[in-house]
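This report concerns only the one structure given below.
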Amino acid sequence: MRTRPIDLTFGAVFVCLMAIGANITVWFPFLAIPIGGATVPLSLQTFFAIIAGMMLGKKRGSIAMITYILVGTAGVPIFSGLSAGPMQLISPTGGFIFSFVFIAFFVGWIAEKQKKPSLPLYSLASLVGVVFNYGIGVTFMFVAMNTWLEIPITYELAWISMIPFLIKDIALSCLAALFILQLGKRVPSEWMHVKAS
């Protein structure tokens, strides 16, 4: 895989976008939506991880997500709530952080298989990203709460608690498919790596 300056630039951009997506309600509290006595923050991390996979391809997209995790683990406050450090990776939401690598890789892998831009395929890739996001994230949360946090919770309840977030991310995944389809018409083809091997 040949790395060009533009690849490093886009990788850095997506690290920044992930940080913004994690903390958008810090700067815009009105984007936290009240549902049933709780607030659902409008996080954009899943959206940006999907875009990274479709725009950068599976290799560069997943490397960008790994870089995001390493930067946050090293102490830069770019995780949710402007948090940082290795402890965030073993928190109940740590699985969602790990899932971003899988989102970018598998979304990019699906996108690379197409010969020309296609909304149905981009939509499928986006939904696969959401499946990895919640499959890994909810399972990790269930394990974390029932083991080292010693907070009994059923796997069903763990999924139920995520329903508002899941609905939001499914909607954003559809927007991601539309966005990348339009973006492909407006940027130079050499900037898009979804067809890279």
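The values are calculated or read from the model by the stated rules, or taken from the named source; none is laboratory data. All figures in this text were calculated on a predicted structure; none of them were measured in a lab. Note that each Cβ is placed from the backbone with ideal geometry, even for glycine, and that neighbours are counted across all protein chains shown.
Before moving on, here are some points about what is shown:
- Matching residues in segment 61-77 - criterion: being under 19 Å from residue 9 (Cβ atoms) and surrounded by fewer than 23 Cβ atoms within 10 Å (Cβ to Cβ): 63, 66, 67, 70, 71, 76
- Considering residues of segment 126-169 that are loosely packed, with under 14 Cβ neighbours inside 10 Å and of a type in the set (Phe, Trp, Tyr) only, the residue farthest from residue 96 (Cα to Cα): 148
- Entry remark, segment 115-149: residues being within 26 Å of residue 68 (Cα to Cα) and either in contact with a Leu (Cβ under 9 Å, 6 or more places away or on another chain) or in a helix (DSSP H, G or I) (or both) number 24 in total.
- Segment 150-165 - residue that is in a loop (DSSP other than H, G, I, E, B) and β-branched (Val, Ile, Thr) and, of those, farthest from residue 135 (Cα to Cα): 151
- Scope segment 99-120; condition at pLDDT 90 or above and buried (at least 18 other Cβ atoms within 10 Å of the Cβ); matching residues: 99, 100, 101, 102, 103, 104, 105, 106, 107, 108, 109, 110
- Failed item, numbered, when residue 54 is tested on (1) without any contact (Cβ under 8 Å) to a residue 60 or more places away in the chain; (2) surrounded by 19 or more Cβ atoms within 10 Å (Cβ to Cβ): (1)
- The set of residues in segment 29-43 that are more than 14 Å from the chain's Cα centre (by Cα) and either surrounded by 17 or more Cβ atoms within 10 Å (Cβ to Cβ) or modelled with pLDDT of 80 or more (or both) comprises 40, 41.
- Only one of the numbered conditions (1) over 10 Å from the mean Cα position of the chain (by Cα); (2) under 16 Å from residue 176 (Cβ atoms); (3) crowded, with 21+ Cβ neighbours inside 10 Å is not met by residue 48, and that is (1).
- Subset of segment 117-134 [farther than 16 Å from residue 61 by Cβ and in contact with a Gly (Cβ under 9 Å, 6 or more places away or on another chain)]: 117
- Restricting attention to segment 41-65, the residues being of a type in the set (A, V, I, L, M) and over 19 Å from residue 6 (Cβ atoms) number 4.
- Scanning segment 1-23 for residues that are within 19 Å of the chain's Cα centre (by Cα), surrounded by fewer than 18 Cβ atoms within 10 Å (Cβ to Cβ) and among the β-branched types (Val, Ile, Thr) yields a total of 3.
- When segment 78-92 is limited to residues that are crowded, with 17+ Cβ neighbours inside 10 Å and either without any contact (Cβ under 8 Å) to a residue 24 or more places away in the chain or of a type outside the set (A, V, I, L, M, F, W, C) (or both), the one that is nearest to residue 140 (Cα to Cα) turns out to be 92.
- Test: residue in segment 65-81 that is modelled with pLDDT under 90, in contact with a helix residue (DSSP H, G or I) (Cβ under 9 Å, 6 or more places away or on another chain) and not small (Gly, Ala, Ser): no
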